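Notes follow once the structure below has been shown.
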Amino acid sequence: MNLRVTGKAFMLLVSLALIAYGTSNYINAWLGAEQSIFNEAWKLIAIAVGASLLTGYAYPSVRGIKRGDQLIAFLHRNANAGGQQLSFMESVFVTALEDGRQGAKIKVRLANGLSAEGVVTGYAGTLTPPTIQITESEVKVQHRVD
């Protein structure tokens, strides 16, 4: 759920609900209706709250991943320590270089300037950015000069 989108949708929809309630007599006269659909402000506000929550929940899925978005990438690392093979996972922030959807492979830029490819595994949550699983990355080769 995107709280910023939820808040903006809430303010817009509640404003529209209150305007519709305040002008319901004029709307009824214009439509020639005897019974108003805008006669109860609390029902209109309840609809606005529900629609804004639905909008905030659906927004990340509809939007997807756009170029320039910050994502969290999960990298698998292996290391030898004391003759033992250690495997661990590291999370780093990356920047999307192209648009994508969940399950799609996109290119990203790592913080050290290298590029990588990965599969989008999740959209943004309430407090978390979108996630990606890195599948391929550039390898930085260090040349030794003697």
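The values are calculated or read from the model by the stated rules, or taken from the named source; none is laboratory data. Computed from a prediction, not measured in an experiment: that's the story for all the values here. Ideal geometry is used to build each Cβ from the backbone, glycine not excepted, and the neighbour counts take in all protein chains shown.
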Residue identified as farther than 16 Å from Gly118 by Cβ and not small (Gly, Ala, Ser) among Gln102, Gln85, Gln70: Gln85
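Could you count how many residues in segment 36-70 are in a helix (DSSP H, G or I) and of a type outside the set (Gly, Ala, Ser)? Lay out the reasoning, then the answer.
The initial filter retains those residues of segment 36-70 that are in a helix (DSSP H, G or I), namely 41-63.
From what's left, of a type outside the set (Gly, Ala, Ser): 42-45, 47, 49, 53-55, 57, 59-60, 62-63.
Going through segment 36-70 one residue at a time, the tally reaches 14.
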If we scan segment 119-127, do we find a residue that is farther than 12 Å from Asp69 by Cα, surrounded by 14 or more Cβ atoms within 10 Å (Cβ to Cβ), small (Gly, Ala, Ser) and in contact with a strand residue (DSSP E or B) (Cβ under 6 Å, 6 or more places away or on another chain)? yes
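Conditions tested, residue by residue: (1) surrounded by 12 or more Cβ atoms within 10 Å (Cβ to Cβ); (2) touching a Leu at 6+ places or on another chain (Cβ under 8 Å); (3) closer than 11 Å to Gln133 by Cβ.
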site: Asn78; (1), (2), (3): no, yes, no
site: Ala81; (1), (2), (3): no, no, no
site: Gln84; (1), (2), (3): no, no, no
site: Met89; (1), (2), (3): no, yes, yes
site: Arg101; (1), (2), (3): yes, no, no
site: Ala104; (1), (2), (3): yes, no, no
site: Arg109; (1), (2), (3): yes, yes, no
site: Leu114; (1), (2), (3): yes, no, no
site: Glu117; (1), (2), (3): yes, no, yes
List the residue pairs whose Cβ atoms are under 8 Å apart, where the first residue sits in segment 82-95 and is assigned by TED's automatic domain parsing to the domain that holds Asn112 and farther than 30 Å from Lys66 by Cβ, the second is of a type in the set (S, T, N, Q) and modelled with pLDDT under 85, and the two are 6 or more positions apart or on different chains. Gln85/Asn78; Leu86/Asn78; Leu86/Asn80; Ser87/Asn78
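It is to be established whether one or more residues within segment 71-84 are in a loop (DSSP other than H, G, I, E, B) and not hydrophobic (A, V, I, L, M, F, W, C).
yes
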Can you tell me which condition Ser52 does not meet? The list is (1) surrounded by 12 or more Cβ atoms within 10 Å (Cβ to Cβ); (2) over 26 Å from the mean Cα position of the chain (by Cα), and all the others hold. (2)
